[in-house]
Structure formats: structure tokens, C-alpha cells
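A quick write-up on the structure given underneath.
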Amino acid sequence: MLPFWTSLLVLCAAGVLAQNDSVVEPRIVGGTKAREGQFPHQISLRRRGSHTCGGSIISKDYVVTAAHCVKQGNNVAPANELEIQAGSLLLSSGGVRVPVATVTVHPNYNSNGHDVAVLRLRNSLTFNSNIAAIKLATEDPPNDATVDISGWGAISQRGPISNSLLYVQVKALSRESCQKTYLRQLPETTMCLLHPKDKGACYGDSGGPATYQGKLVGLASFVIGGCGRAAPDGYERVSKLRNWIAEKASL
């Protein structure tokens, strides 16, 4: 299993997680099918042809995703094994596929957050109504704000991934409330997005976007206690990581 997941399980055993919760990587449960052009920044990250994670277009030449999607232990996935699919709501067809040229993982990525990687594409994307960049947020969404999360991840804890792009609306939860009730040692770079039971992120959604008012505010990192549980999902805070992302993506 990937390092961010295992490290947080160690924290759980040490009593860091509230309510004896465990943490796993994310996907979308209880979602609604996205409309054409609703999330033109959303991409499917593929390794050796198979969908592994989500991500977001931030320029014609760069996408951003979670570090754990491309790094396991000390090993970073070779760029020549990676490609993205953009411009389609379906995993099985449509859109364009573009190979990845380089992979840059945040140097501080570990169990204490910084779960972010920037990928440079071998060929520039051509923007249209279904393929477009999203701006990086400078601030977190306010407490209790409605945030959209999206992806092709599994539709239940042990279910299959979705062929259709799905999205769910979740609520931003204050760091204080999240730490008090769910995750005592919440990484500084991570925010909590709360949802009701049978909703939220699940396997295959990792690295995918959380958006608020048309800007990228988060990257899917982990879920607490299993997919679809009435507990928050952990998303990396773009507001805390945007300077590094912008530097590596030449924004």
C-alpha cells in the first residue's frame, strides 16, 4: 500500500486518530454524473494504460495530482509509464491522451502532508469547452462552504471504479473541529471536507480536485474510516502549496 496510507495507520495505532478511525486512499461514493464542460480541468492519470488517480490541468503543459499517486516508498513512477486523459467524461473513450514528460514530487512529502506532485506533459494541450486550466486558490474555503469533489473512483468501499465522471458536494470543516472530532494530528497542509454517510471520495479519486467558486482549493489525499462513512475526507490545501506548485509549473 502507498506510504501516506500506511504512515497514517501507524498514527492510528498510536492514538493520534480520534474515535479509532483508520485512513485509506480516496474515490467518489454516492456521486452525480458530471455534465459536459462542468469540470474541464479534471484529468485521469494513467499508468501503463490503466486509470490510477485523478488530477487537474493548471496550464497547457502541466497538471497537478497527489504525490502518493506517483511515489511509493523512495520510488517515483517513471514518466514514460504515465499519461493523462483529458476532455472526456468517460474513462473508456473520448478526449485526448497525452504522455507525461517529467514528474516532480514535493520534497517534504511524507506522513505529515505535502501530498502533491506536478507533472509536465510531453505535448501541450489544446484548450476547448471540455479541456481547460483551473486557477489555484489563494485561500481555503470558509467553514461550512459547499465544495465540489470529482473523480472516477470506486462507487463503494469494495465496489468497481466508475466509467463516468462523478461529483459530490461536501462541506468545508474547520481545522479545530476536524482535529477535535476526527484527526488529532491533522497535517498543516491538509483540510477536512465533511460529507454525509454514503457520499464522498474513494479509491481512484486520489489527486483529484476539490473546487470552490471556480478555483482549485484541494487535492484528494485520504479518507477516514473507509469510503462512504460519515467522516471527513483529507484534501491537501492548495493555498498552502500554491507557491511550490506555481514554481514547478512555471505559472
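Looking only at residues that are in a loop (DSSP other than H, G, I, E, B) and closer than 22 Å to Gly31 by Cβ in the stretch 183-197, which one is modelled with the highest pLDDT?
Only one residue fits best here, namely His195.
Per-residue answers, yes or no, for (1) at pLDDT below 95; (2) hydroxyl-bearing (Ser, Thr, Tyr); (3) crowded, with 19+ Cβ neighbours inside 10 Å:
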residue	(1), (2), (3)
Thr104	no, yes, yes
Gly113	yes, no, yes
Leu136	no, no, yes
Glu139	no, no, no
Val147	no, no, yes
Ser156	yes, yes, no
Leu166	yes, no, yes
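Go through the stretch 169-185 and report how many residues are in contact with a His (Cβ under 9 Å, 6 or more places away or on another chain) and over 16 Å from Ala230 (Cα atoms).
0
For the stretch 83-102: of the residues being of a type in the set (Gly, Ala, Ser) and buried (at least 16 other Cβ atoms within 10 Å of the Cβ), which is nearest to the chain's Cα centre (by Cα)?
Going through the qualifying residues, I end up with Ala86.
Any idea which of Ser250, Ser206, Ser221 is in a loop (DSSP other than H, G, I, E, B), modelled with pLDDT of 90 or more, hydroxyl-bearing (Ser, Thr, Tyr) and under 11 Å from the mean Cα position of the chain (by Cα)?
Within the list Ser250, Ser206, Ser221, the selection yields Ser206.
Look through Glu36, Glu139 and report the one residue that is closer than 21 Å to Trp244 by Cα and of a type in the set (D, E, K, R).
Step by step, each of Glu36, Glu139 is checked, and only Glu139 is closer than 21 Å to Trp244 by Cα and of a type in the set (D, E, K, R).
Quick one: would you say Gly87 is small (Gly, Ala, Ser) and at positive phi?
yes
Answer yes or no as to whether Gln169 is assigned to a loop (DSSP other than H, G, I, E, B) and touching a residue at least 12 places away in the same chain (Cβ under 8 Å).
no
Restricting to the stretch 131-166, and then to whatever is of a type in the set (Val, Ile, Thr), under 25 Å from Ser50 (Cα atoms) and not in a loop (DSSP other than H, G, I, E, B), can you tell me which residue is farthest from the chain's Cα centre (by Cα)?
Of everything passing the filter in the stretch 131-166, Ile131 is farthest from the chain's Cα centre (by Cα).
Identify, by number, the condition in (1) modelled with pLDDT under 95; (2) on the phi < 0 side of the Ramachandran plot that Asn80 doesn't meet.
Condition not satisfied by Asn80: (1).
I need a count of the residues in the stretch 59-110 that are in contact (Cβ under 8 Å) with a residue 60 or more places away in the chain and part of a helix (DSSP H, G or I).
Qualifying residue count, the stretch 59-110: 3.
Please go through the stretch 189-246 and pick out each residue that is β-branched (Val, Ile, Thr) and under 14 Å from Gln169 (Cα atoms).
Hits for the stretch 189-246 are Thr211, Val217.
The values are calculated or read from the model by the stated rules, or taken from the named source; none is laboratory data. All of these numbers come straight from a predicted model, not from anything done at the bench. When we count neighbours, we look across all protein chains shown, and the Cβ atoms used for this are built from the backbone with ideal geometry, even at glycine.
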